Amino acid sequence: SWHTAVPKLSMEIEGIEFALGGGVAPSNGPIAALLHALATSFLSRLASIPPRELNHSGIITGFAFMMVFSALVTGSTAVAVAQRVQENQLISTAYQRGALSENGMDVSLWPSSPSVQPDEHAMDRVLKANKSQLVVFPTYIGAIIPGQRLDFKGDCFANSTAYVSYFSNTGATVTFELGGARSLTCTEQVLFSTNQGFYVHMFVLHGKHQVNVKAWRNEEEYIDVQKNGFRSFLFDASMASLVVDVIELAGMFTGPWTTKDSRSFFDKYMGLTMPKRSDPSMFILPESEIHSGDLFMTLEYTGLHFFICFGTGGHSGHATMALWMDGQLYVVEITMGSTPATNGVIRTPYRQWLAQKQKDGSMAMYIPLSPENRARFNESAAVEFFKKTQGWPYGLHNFIFGWIDTEDASLPPPLTWDNLAFFLVLGDSYSPQVFSAVGEAMVHRLRHYYGITANTKSIRDVLGIMDKYNITLSKLLTLPEIDTWIYSDGHPSMVCSVYVLNLWREAGLFGTGRDLLPFSTTELSPRDLYSLRMFDTEWPNQPAACRRDGQAKVPMCQLTGGYVANLPGLNE
């Protein structure tokens, strides 16, 4: 239990077990027993170490050690790992770079949804029909509610049932009856959770297994399980595949991650394939061709940009704008950098910004406004707004809220509301200072739309309040942000696309006075931004260098990057 070792982190990994009892033992039982003892020892020792003191390479070495021993019990795990490593070449690079990070896991309030079998929605969990599934997303199979039985089909055990065999205000017991094993060597990874914590179990053998909740974490958890049950998930892959996918995903964020690695990730999980440019040199569009208000979009092969593209369905992860000030052309933006010079609302001379993008390997795309919008653009008003907001912080509060517009059509597969709730509270446990910003945005919605005052920023506290008032997560997150909301940093919350939209609004592109178009800029993502029909469809003097790789004539010119960029839906 992380919670026992480091109470203030509130990270709990409880009940991790290898369920080797209650069925037919493997033929080589002594070796299996040895493996079980080694695995139990390894996990118990791991659980006793504070997360910040863990040696990443040591963890991976431990996993590798366990996998070697598992090969003595069954060759399938070793073969699976070997195939995955040959396919992705990720284990060794993760070992060298320390890409596997420690995680505390937790879950939240889950919107009510029917029990579904994994095989019924297999395609919903695949980003592209011909692409690989990101197996770190567990599949929701239903709630184990006191007094009811949950029947499910697992990847390993085809005929399975779970039910609460004991329940009181002091604890509970969940019984699993597993049958119909699909092979002699398969395993079932089951995660079941409450709005205060989670439990994860690996089942190896068929038969009856009991999982004991010795004590509730608090009264909220007891009430939650009594009302909503234990929300249950399956990991749709072997543990070997799951570990490799976690390492692969972590590498996108922890770096250093090569362009080849990142391109493979975009292609594998988004179907976003970009060929190499015939001439990857930087093209400097003359300043005389660029007007205030024109748009720059960028795409980087990084975890953050993948996350944004995955969440929005777009092909760009960042938006900036051209603005002439004091006789010089600048690129103005709001960024999430690590230094004061690169964080918040900043301006960078055009050529310096372009050189930075080329050095970083970013694909920078220039998109000119239409002649009508250029004529309407009030440059002095935009400059005034920039100087007023210069230095304002990046708006983490509503980072994901602008991506979500509907309850049934906004989440990219395989992500579901159940998964999203899980990851939100996982973040609340692991990085409460960062995720408190999301909690604050949720509190704004409770106050504005429901008249509920909540003096907290904790996502789990907010979810407890939502549970009390029967407000689902899907409903709350689809409620529109109000641009005038002020957050604890003293400012409205803006991300990159929102800042560009506010500059455009101040410059009069959406009307003025009574004719001002009423909409929330915070509801538009980078993809929404470049999809607006506001750009020059003709561009009669477009330089030939903008189409050096045979692209169709579109209102876009790629200036940097070694790969051919494209923006489906541009200006549509």
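The values are calculated or read from the model by the stated rules, or taken from the named source; none is laboratory data. All of these numbers come straight from a predicted model, not from anything done at the bench. Cβ sites come from the backbone with ideal geometry, for glycine too, and all protein chains shown count toward neighbours. Side chains included, ligands, DNA and RNA excluded: accessible areas come from the protein's heavy atoms. Shrake-Rupley method; radii C 1.70, N 1.55, O 1.52, S 1.80 Å.
Looking at Leu529, is it crowded, with 18+ Cβ neighbours inside 10 Å, of a type outside the set (Lys, Arg), in a loop (DSSP other than H, G, I, E, B) and at pLDDT 95 or above?
No: the conditions fail for Leu529.
Quick one: is Glu221 in contact with a Leu (Cβ under 8 Å, 6 or more places away or on another chain), at pLDDT 85 or above and open to solvent by less than 30 Å² (accessible area, probe 1.4 Å)?
No: the conditions fail for Glu221.
Which of the residues spanning segment 423-478 are farther than 21 Å from Thr522 by Cα, assigned to a loop (DSSP other than H, G, I, E, B) and in contact (Cβ under 8 Å) with a residue 60 or more places away in the chain?
Across segment 423-478, the qualifying residue is only Thr472.
Of (1) farther than 27 Å from Asp428 by Cα; (2) outside any strand (DSSP E or B); (3) more than 27 Å from the chain's Cα centre (by Cα), Tyr166 satisfies all except one. Which?
Every listed condition holds for Tyr166 apart from (2).
Please determine, by comparing only the residues of segment 252-285 that are assigned to a helix (DSSP H, G or I) and at pLDDT below 60, which one is least open to solvent (accessible area, probe 1.4 Å).
Met252
Can you find even one residue in segment 422-438 that is touching a Pro at 6+ places or on another chain (Cβ under 7 Å) and either at pLDDT 85 or above or open to solvent by 10 Å² or more (accessible area, probe 1.4 Å) (or both)?
Looking through segment 422-438, none of the residues is touching a Pro at 6+ places or on another chain (Cβ under 7 Å) and either at pLDDT 85 or above or open to solvent by 10 Å² or more (accessible area, probe 1.4 Å) (or both).
Restricting to segment 189-214, what's the tally of residues that are in contact with a helix residue (DSSP H, G or I) (Cβ under 9 Å, 6 or more places away or on another chain), open to solvent by 20 Å² or more (accessible area, probe 1.4 Å), β-branched (Val, Ile, Thr) and under 29 Å from Ile465 (Cβ atoms)?
0
Going by the conditions given, is Leu501 surrounded by 17 or more Cβ atoms within 10 Å (Cβ to Cβ) and either modelled with pLDDT under 95 or under 25 Å from the mean Cα position of the chain (by Cα) (or both)?
It is true that Leu501 is surrounded by 17 or more Cβ atoms within 10 Å (Cβ to Cβ) and either modelled with pLDDT under 95 or under 25 Å from the mean Cα position of the chain (by Cα) (or both).
Per-residue answers, yes or no, for (1) surrounded by fewer than 17 Cβ atoms within 10 Å (Cβ to Cβ); (2) closer than 15 Å to Tyr222 by Cα; (3) among the hydroxyl-bearing types (Ser, Thr, Tyr); (4) in contact with a Gly (Cβ under 9 Å, 6 or more places away or on another chain):
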| site | (1), (2), (3), (4) |
| --- | --- |
| Arg149 | yes, no, no, no |
| Phe152 | no, no, no, yes |
| Asp155 | no, no, no, no |
| Ser160 | no, no, yes, yes |
| Tyr163 | no, no, yes, yes |
| Asn169 | yes, yes, no, no |
| Thr173 | yes, yes, yes, no |
| Glu177 | no, no, no, yes |
| Ser183 | yes, no, yes, no |
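Test Met297 against the stated conditions and say whether it is farther than 17 Å from Gln558 by Cα and touching a residue at least 60 places away in the same chain (Cβ under 8 Å).
no
Is at least one residue of segment 454-461 in contact with a Leu (Cβ under 8 Å, 6 or more places away or on another chain) and hydrophobic (A, V, I, L, M, F, W, C)?
Yes: one or more hits.
Which of the strands (runs of 3 or more DSSP E) contained wholly in segment 302-382 include at least 2 residues that are over 21 Å from Met556 (Cβ atoms) and open to solvent by 20 Å² or more (accessible area, probe 1.4 Å)?
328-336, 343-349
So, of the residues in segment 175-228 that are part of a loop (DSSP other than H, G, I, E, B) and hydrophobic (A, V, I, L, M, F, W, C), which turns out to be nearest to Asp461 (Cα to Cα)?
Filtering segment 175-228 for residues that are part of a loop (DSSP other than H, G, I, E, B) and hydrophobic (A, V, I, L, M, F, W, C), the one nearest to Asp461 (Cα to Cα) comes out as Trp216.
Any residue at all in segment 445-460 that's in contact with a helix residue (DSSP H, G or I) (Cβ under 8 Å, 6 or more places away or on another chain), within 26 Å of Leu415 (Cα to Cα), buried (at least 21 other Cβ atoms within 10 Å of the Cβ) and among the aliphatic types (A, V, I, L, M)?
The answer is yes; a qualifying residue exists.
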